[in-house]
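A short write-up of the structure that comes next.
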Amino acid sequence: MARMAARRALAAVPVLLGVTLAVFAVAAASPFDPVKAYAGTAGLTASQENLDQLRANLGADRPWYTRWWEWLGHALRGDLGDSGVMRQPVADVVAERIGWSALLAGTAFLVAILLGTLLGVLAARRRGGLLDRAVSSLAYTLEAAPAFWLGLLAVWFFALELGALPPGGLTDTAGDTVTAGQVATHLVLPALVLGLSQLPWFFLYVRQGVGDALDEDPVRGARARGLAERTVLTGHALRSGMLPMLTLVGSRIPELITGALLVETVFSWPGIAAATVQAAVSADFPLLAALTVLATAAVLLGNLLSDLLYGLADPRVGFDG
Amino acid sequence: MAARPVRRATAAILTGVTALTAAACANPDGAGNGAGGPRDSAVVGIAAEPDTLSPLLGYGKDGNSKIFDGLLALDAGMRLRPALATALPTVSADGLTYTYTLRKGVTFSDGTPFTARDVVFTYRAVLDPKTNNPSRSELDALKDVRATGDDTVVFTLKYPYAPFARRTVLAIAPEHIAGKQDVNSGPFTTRPIGTGPYILTGWTRGEKLTFRANPHYWGGAPAVEKFTMAVVKDDDVRATRLRAGDLDAAILPPNLAAGFRADKTRKAHTATTFDYRTVTLPSRNRVAGDVAVRRALDLAVDRQTMVDKILEGAGKPAYGPVPTDSPWFAKGTERRHDLAGARKILDEAGWKPGPDGVRVKNGVRAAFPLWYLSGDKLRQDHALAYASDAKKAGIEIATQAGTWEVIEPRMKTDAVLAGGGAPGDPDFDQYLLLKSELAGDGFNNMASYASPAVDRALEDGRRTSDPARRRAAYDTVQRELVKNPGYTFLTHVAHVYVVADRWTTAAGRLTTQVEPHEHGLGSGPWWNVEDWTPKQ
């Protein structure tokens, strides 16, 4: 198990290097000009000399591979550089925001897993029943619904029509302190939307897995031995039915990250996503590179985690070392 | 039997969710309702947020920052008045030396006294090429600044520059803080400390900026204790949050502001502006560069209809960068909408109607593309109206949308729907737009306009401080623009704000300044929020 983790970590190094190299190359090839993005409207009246000086100061006049090599050197020594667009060190930008993103994504993930498992088990017990049919068709609809659309719908219904929940932000508009209570109420809608957008996959996997397990011989055997329905369900069916879902946990992470990006934008949640979008359209190399490394690392870790869980849950699978 | 635990769990979760929702319902809106919120706090909705709050990087360069003060400030009538200086500067006879005496007893919000060293530090840091300030060219005339004592600062200019005093509204940063860190990315850029009426208490990018009143402000502690600027990019969302009472005030497009007309608890404020929309007519284009085509377009365009239909009345026809209600406007340079006159000019210049109705001269079709910034509805509407007016005179204009990255390489030969406007001095806009040396310099003089008479007048206007000679110079510029319009100026766009009717000022009601193209944080009826007092 430890060997597998170590081997994966080793394999992650070239992947991360490749990804950052690609980020620099793509950003340099994009039509976005970092100097123009930096100057904003002031750039529309700035002299060419002023703009050229800015270009030199920002290092935007040098080829992208040189900048990547320098960035790498600094990053390995723990210096992530300064974000041009935020006028702040990249480390500060990340530190200020990553917590809020983690809170949102974590809550959403929890909602998706718990609700998905619960509904999946219920649906599997009476396949073809009213609950199964209702939730299944809802799940297929949700699967097709983009997260930002769900978000807009939620804002319209809960915030504008009902006035029950705040439409966006981290805290009340008038407040200038961040209290747990305010954050909790402001978290409900974005977390619910992000969670719901992930729910169908968990629900459908669990429903299928548990349903299949209920038809298998061990379960029928257990029932025949007169074991309580509850023991049959949790001890036998759920355990083997949950296996495919463990893989899902890891593989949903990329989707969760992109989903969070859209949901954060819709709800003006001050997470890392808004920074990512801004970094991309401003060709802000240092910030973009750091955020991409973070996202890639999260995906790799997610895959490792789901493989480890699978190995633990089903000893027959083992670890690939 | 076994279903019960599951059912119980479902019930528990549902109860939890319901409780959470209920808690959310019970949580009162911080701002309360439109007319009933706390009087010593104001929440305003703005459409864009600043990139930085550091004066060294360009924040507060036009004065009226809530966190900082400049040496001078502008009042409601855009007249200069002393702020951190005790009086307007004394200017040497040759117009090259400006001397300011500083106010005594002013402290930054961290308690450190403000001195001449802070002024010198601020201006030198802005001039330093290593500082990433995109507005540095505005201080182009400044050669050096030095302190001749604790409370005297002397500016020396490279050339006589009449509007220089208007540049000294620039916000002053504390040397003891900003001078000890990286000016481009240090903590000061996001957590500034100044001498201004408000102290920044928080800034969540993309969400809001929060301020509290500076109790030791040299101009007296503001009555509005808490001040919040919520960043709401979408116009409709801003209007909705204003209606819901989440915001006390907001900037709105005219059509959305009209929805509040019947509301007795709120008042609409319309700010006159220098915010123009214009079409650049590049000299290098064989059609748009022809003076006859330019003059014809100037007459063919129906400005009043644009004001009525596109701006819903919130604006004025524009004939140049100087608005018609400015004291600097040259009376008599207004152009009447005259389609027949436009056709006559084109006929006489040899632009004859071709088989498809588009005029032709020497085998050249009277056609050129017009670019506008994609996503900007206002510019799109102006561009389409302009193209349709031009079509009636036989000139075919193909409108195309693009980002600045797409437009910039084309703007030397293609027309662009541009916007701008800096109140304060007639030099600010006209020099950058019309000076032939600035053709193709960044986004300055996009049309590559070149007229020796205009060049001379522009130099005259900035080098003399004699008001009569300045007036004559800018009159010349505006009259030359009638003879050879390098741009078709369309409208000056008024800015509309809706504000809860809960505050008043010494002037009797809330006011606005004449506003620039760009919305600084200090624009809007809250430009002097430090002078607001709650209504009884």
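The values are calculated or read from the model by the stated rules, or taken from the named source; none is laboratory data. If you're wondering where the values come from, they're calculated on a predicted model, not measured in any experiment. When we count neighbours, we look across all protein chains shown, and the Cβ atoms used for this are built from the backbone with ideal geometry, even at glycine. Each accessible area value is taken on the protein alone, full model and side chains, heavy atoms only, with ligands, DNA and RNA left out. Shrake-Rupley method; radii C 1.70, N 1.55, O 1.52, S 1.80 Å.
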Across segment B:209-220, the tally of residues that are open to solvent by less than 70 Å² (accessible area, probe 1.4 Å) and either of a type outside the set (A, V, I, L, M) or without any contact (Cβ under 8 Å) to a residue 12 or more places away in the chain (or both) stands at 6
Residues being over 21 Å from B:Pro215 (Cβ atoms) and either modelled with pLDDT of 95 or more or away from every other protein chain (no Cβ under 14 Å) (or both): count how many of those fall in segment B:523-536. 5
Qualifying positions in segment B:216-259 - small (Gly, Ala, Ser) and either in a helix (DSSP H, G or I) or closer than 22 Å to A:Pro270 by Cα (or both): B:Ala230, B:Ala239, B:Ala250, B:Ala257, B:Ala258, B:Gly259
Sole miss for A:Gly128 among (1) open to solvent by less than 70 Å² (accessible area, probe 1.4 Å); (2) more than 12 Å from chain B (Cβ to nearest Cβ); (3) assigned to a helix (DSSP H, G or I) is condition (3)
Selection count where residues are open to solvent by 20 Å² or more (accessible area, probe 1.4 Å) and of a type in the set (Phe, Trp, Tyr), scope segment B:268-320: 2
Say whether the condition of being open to solvent by 40 Å² or more (accessible area, probe 1.4 Å), away from every other protein chain (no Cβ under 14 Å) and within 16 Å of the chain's Cα centre (by Cα) is met by at least one residue in segment A:102-122. yes
Close pairs (6 angstrom Cβ cut-off, 6 or more residues apart or separate chains): free of Cβ contacts under 8 Å to residues at least 24 places away in the same chain in segment B:139-162, open to solvent by 10 Å² or more (accessible area, probe 1.4 Å) and polar (S, T, N, Q) anywhere: B:Lys143/B:Thr156; B:Asp144/B:Thr156
Any residue at all in segment A:80-87 that is surrounded by fewer than 15 Cβ atoms within 10 Å (Cβ to Cβ), farther than 22 Å from A:Leu248 by Cβ and away from chain B (no Cβ under 11 Å)? no
Log entry, pairs with first residue in segment B:277-306 being touching a residue at least 24 places away in the same chain (Cβ under 8 Å), second being part of a helix (DSSP H, G or I) and acidic (Asp, Glu), beta carbons closer than 9 Å, six or more apart or on different chains, reads B:Ala292/B:Glu348; B:Leu297/B:Asp389; B:Ala300/B:Asp389; B:Val301/B:Asp389; B:Asp302/B:Asp389; B:Thr305/B:Asp389; B:Met306/B:Asp381; B:Met306/B:Asp389
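Do the conditions hold for B:Ala262, that is, is it part of a loop (DSSP other than H, G, I, E, B) and open to solvent by less than 50 Å² (accessible area, probe 1.4 Å)? Walk me through how you get there before you give the answer.
Working: part of a loop (DSSP other than H, G, I, E, B): yes; open to solvent by less than 50 Å² (accessible area, probe 1.4 Å): no.
Taking the combined requirement at face value, the residue does not satisfy it.
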Just give me the residues in segment B:171-213 being within 10 Å of another protein chain (Cβ to nearest Cβ), part of a helix (DSSP H, G or I) and either among the acidic types (Asp, Glu) or more than 25 Å from the chain's Cα centre (by Cα) (or both), in sequence order. B:Pro187
Does A:Val206 meet the test of being at pLDDT 80 or above, within 18 Å of A:Tyr310 (Cβ to Cβ) and buried (at least 20 other Cβ atoms within 10 Å of the Cβ)? yes
I need every pair where a residue in segment A:222-234 that is closer than 21 Å to A:Gly120 by Cβ has its Cβ under 8 Å from the Cβ of a residue that is open to solvent by 60 Å² or more (accessible area, probe 1.4 Å) and among the β-branched types (Val, Ile, Thr), sequence separation at least 6 or different chains. A:Ala222/A:Thr231
Looking at the structure I just gave you, is B:Thr333 closer than 30 Å to B:Ala141 by Cα and either assigned to a helix (DSSP H, G or I) or more than 14 Å from every other protein chain (Cβ to nearest Cβ) (or both)? no
Every listed condition ((1) part of a helix (DSSP H, G or I); (2) under 30 Å from B:Arg463 (Cα atoms)) holds for B:Lys412 save (1)
Pairs, please: C-beta under 7 Å, at least 6 apart or cross-chain, first residue at positive phi and in the same structural domain as B:Gly524 (by TED's automatic domain parsing) and in segment B:243-255, second among the hydrophobic types (A, V, I, L, M, F, W, C) and open to solvent by less than 20 Å² (accessible area, probe 1.4 Å)? B:Gly245/B:Ala31
Is there a residue being modelled with pLDDT of 90 or more, over 30 Å from B:Leu247 (Cα atoms) and within 14 Å of chain A (Cβ to nearest Cβ) anywhere in segment B:13-33? no
Looking at (1) open to solvent by 60 Å² or more (accessible area, probe 1.4 Å); (2) farther than 30 Å from A:Ala147 by Cα; (3) within 11 Å of chain B (Cβ to nearest Cβ); (4) touching a residue at least 40 places away in the same chain (Cβ under 8 Å), find the lone condition where A:Trp64 falls short. (3)
Exactly one of these conditions fails for B:Thr533: (1) open to solvent by 30 Å² or more (accessible area, probe 1.4 Å); (2) without any contact (Cβ under 8 Å) to a residue 60 or more places away in the chain; (3) assigned by TED's automatic domain parsing to the domain that holds B:Pro222; (4) hydroxyl-bearing (Ser, Thr, Tyr). Give me its number. (2)
Do you know which residues across segment B:348-361 are of a type in the set (D, E, K, R) and open to solvent by 60 Å² or more (accessible area, probe 1.4 Å)? B:Glu348, B:Lys352, B:Asp356
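A quick yes/no check of all residues on (1) of a type outside the set (Phe, Trp, Tyr); (2) more than 23 Å from B:Glu408 (Cα to Cα); (3) at pLDDT 95 or above; (4) not in a loop (DSSP other than H, G, I, E, B):
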{"residue": "B:Leu346", "(1), (2), (3), (4)": "yes, yes, yes, yes"}
{"residue": "B:Gly357", "(1), (2), (3), (4)": "yes, yes, no, no"}
{"residue": "B:Val360", "(1), (2), (3), (4)": "yes, yes, yes, yes"}
{"residue": "B:Phe368", "(1), (2), (3), (4)": "no, no, yes, yes"}
Farther than 13 Å from A:Trp269 by Cβ, open to solvent by less than 20 Å² (accessible area, probe 1.4 Å), within 11 Å of another protein chain (Cβ to nearest Cβ) and not in a helix (DSSP H, G or I): is that true of A:Thr177 in this structure? no
Got a number for residues in segment B:491-522 being closer than 18 Å to B:Pro253 by Cβ and either open to solvent by less than 20 Å² (accessible area, probe 1.4 Å) or more than 14 Å from every other protein chain (Cβ to nearest Cβ) (or both)? 11
Checked A:Leu187, A:Leu170, A:Leu153, A:Leu160 against criteria (in contact (Cβ under 8 Å) with a residue 40 or more places away in the chain and part of a helix (DSSP H, G or I)); the one match is A:Leu187
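Results for (1) open to solvent by less than 40 Å² (accessible area, probe 1.4 Å); (2) modelled with pLDDT of 95 or more; (3) among the acidic types (Asp, Glu); (4) over 28 Å from B:Val169 (Cα atoms), shown as yes or no for each residue.
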residue: B:Gly363; (1), (2), (3), (4): no, no, no, yes
residue: B:Trp371; (1), (2), (3), (4): yes, yes, no, yes
residue: B:His382; (1), (2), (3), (4): yes, yes, no, yes
residue: B:Ala398; (1), (2), (3), (4): no, yes, no, yes
residue: B:Gly421; (1), (2), (3), (4): yes, no, no, no
residue: B:Pro426; (1), (2), (3), (4): yes, no, no, no
residue: B:Asp441; (1), (2), (3), (4): yes, no, yes, no
residue: B:Ala457; (1), (2), (3), (4): yes, yes, no, no
